[in-house]
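The values are calculated or read from the model by the stated rules, or taken from the named source; none is laboratory data. Everything quoted here is computed from the prediction, not taken from an experiment. Here the Cβ positions follow ideal geometry from the backbone for every residue, glycine too, while neighbour counts run over all protein chains shown.
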Amino acid sequence: MPAIDGKALVLAFSALGAGIAMIGALGTGIGQGIAAGRASEAVARQPDAQGDIIRTLLLGDAVAETSAIYSLIVALILIFANPLVRLL
């Protein structure tokens, strides 16, 4: 069985790390779905407050979406611009 060199090991763990980083995007999607469901329930109970509810929902979704974007950026850096490969 051939030995695994350092570069292959770094690339393998980088791919694993990128997959783990994208779990953050999964949590963001679930959270945004729950928030949208609760917002639609709130609008159904209080139609007069629709503007305030939607505004708060969109602001919360924008803040939550930054977590998914950071996860994507970390995953892309680990896959395509990995700084650790240059050290080997």
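Residues in the stretch 23-53 that are out of contact with any helix residue (DSSP H, G or I) (no Cβ under 7 Å at 6 or more places or on another chain), part of a helix (DSSP H, G or I) and more than 25 Å from ILE73 (Cβ to Cβ): GLY37, ARG38, SER40, GLU41, ALA44, ARG45, PRO47, ASP48, ALA49, GLY51, ASP52. For the stretch 23-40: of the residues being at pLDDT 90 or above and touching a Leu at 6+ places or on another chain (Cβ under 8 Å), which is surrounded by the most Cβ atoms within 10 Å (Cβ to Cβ)? By that ranking, first place goes to ALA39.
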